[in-house]
Amino acid sequence: MGIKDWNEEDRPREKLLQRGSAALTDAELLAIFLRTGTPGKSAVDVARDLLTEFGSLRALLGADQQRFCQGNGLGNAKYAQLQAVLEMARRHFKEILQHGSVLSSPDITRAYLSARLRSYNYEVFACLFLDNQNRVIQLDELFRGTLNSANVYPREVVKQALHYNAAAVIFAHNHPSGINEPSQADKHITEKLQQALALLDIRVLDHFIIGDGQPYSFAENGLL
């Protein structure tokens, strides 16, 4: 049975319009993106198969072009559409933060950092530079590393902070493993960075670790 034959309240598009996007499952959201199914399978069925094949929605969205296009019902056109959607989301979050304080939009800050860093399969350390009203000046991906580490140099962070005349910063780095708990090395480098920037009266507002689920906040867990 095709989706058009389902009860209206069960159809993904109608369900989204009536109840909001948060009410949909991963498969239903993906089905709206796919638009059509294959012979004998609805778009939701195809979406479920893809989620099983890739392991998760995150893995599917973060797949490179070659791997993505191997999926049933996918291809270069769908890959291009997906990358456009992801980039629009990143720019949307950034624009909100550029016009208001990150402290008044903590969920948007998390969403923006997650959108930028979550898909990498190696560690990336980024710094969100803020003005004296805590508005975003720039996000720089300063250091890249391996699957489980990235060397971070305080001197380079200080140099960039001075370049942007930043009044405050937020650090973020991803854990490709998906585990968003800080290591001792994470705690140590955060302390070193905080000390270096304090000499210039530049505040460190937070350090987020991006993994699966909600990003880990150093500030909320009493580590800053």
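Leu162: open to solvent by less than 10 Å² (accessible area, probe 1.4 Å) and either modelled with pLDDT of 95 or more or on the phi > 0 side of the Ramachandran plot (or both), yes or no?
no
Which of the residues that make up segment 66-86 are under 24 Å from Gly211 (Cβ atoms), open to solvent by 70 Å² or more (accessible area, probe 1.4 Å) and not β-branched (Val, Ile, Thr)?
Arg67
Can you tell which of Val169, Val136 is at pLDDT 95 or above, within 20 Å of Ile210 (Cα to Cα) and β-branched (Val, Ile, Thr)?
Result: Val169 is the single residue among Val169, Val136 that is at pLDDT 95 or above, within 20 Å of Ile210 (Cα to Cα) and β-branched (Val, Ile, Thr).
For segment 184-224, which residues satisfy the criterion of being touching a Ser or Thr at 6+ places or on another chain (Cβ under 9 Å), surrounded by fewer than 16 Cβ atoms within 10 Å (Cβ to Cβ) and free of Cβ contacts under 8 Å to residues at least 40 places away in the same chain?
Result: Ala185, single match.
Kindly indicate whether any position in segment 123-130 is among the aliphatic types (A, V, I, L, M) and in contact with a Gly (Cβ under 9 Å, 6 or more places away or on another chain).
Yes, segment 123-130 contains a residue that is among the aliphatic types (A, V, I, L, M) and in contact with a Gly (Cβ under 9 Å, 6 or more places away or on another chain).
Determine whether Ile96 is modelled with pLDDT under 85, closer than 27 Å to Ala219 by Cβ and within 13 Å of the chain's Cα centre (by Cα).
no
For segment 103-110, does any single residue satisfy the condition of being more than 22 Å from Pro12 (Cα to Cα), open to solvent by less than 70 Å² (accessible area, probe 1.4 Å), of a type in the set (Ser, Thr, Tyr) and not in a loop (DSSP other than H, G, I, E, B)?
Yes, the conditions are met somewhere in segment 103-110.
Would you confirm whether any residue within segment 38-60 is within 18 Å of Gly178 (Cβ to Cβ), among the aliphatic types (A, V, I, L, M), surrounded by fewer than 17 Cβ atoms within 10 Å (Cβ to Cβ) and at pLDDT below 85?
yes
Taking strands (runs of 3 or more DSSP E) that fall entirely within segment 115-186, which contain at least 1 residues that are of a type in the set (Asp, Glu)?
Ranges flagged: 136-144.
Which of the residues spanning segment 188-224 are farther than 26 Å from Ser177 by Cβ, part of a loop (DSSP other than H, G, I, E, B) and among the hydrophobic types (A, V, I, L, M, F, W, C)?
Those that are farther than 26 Å from Ser177 by Cβ, part of a loop (DSSP other than H, G, I, E, B) and among the hydrophobic types (A, V, I, L, M, F, W, C): Leu199, Leu200, Ile202.
The values are calculated or read from the model by the stated rules, or taken from the named source; none is laboratory data. Everything numeric in this text was worked out from a predicted model, so none of it was measured. Glycine also receives a Cβ, built like all others from the backbone with ideal geometry; neighbour counts cover every protein chain displayed. Calculation scope for accessible area: heavy atoms of the full protein, side chains included, ligands and nucleic acids excluded. Shrake-Rupley method; radii C 1.70, N 1.55, O 1.52, S 1.80 Å.
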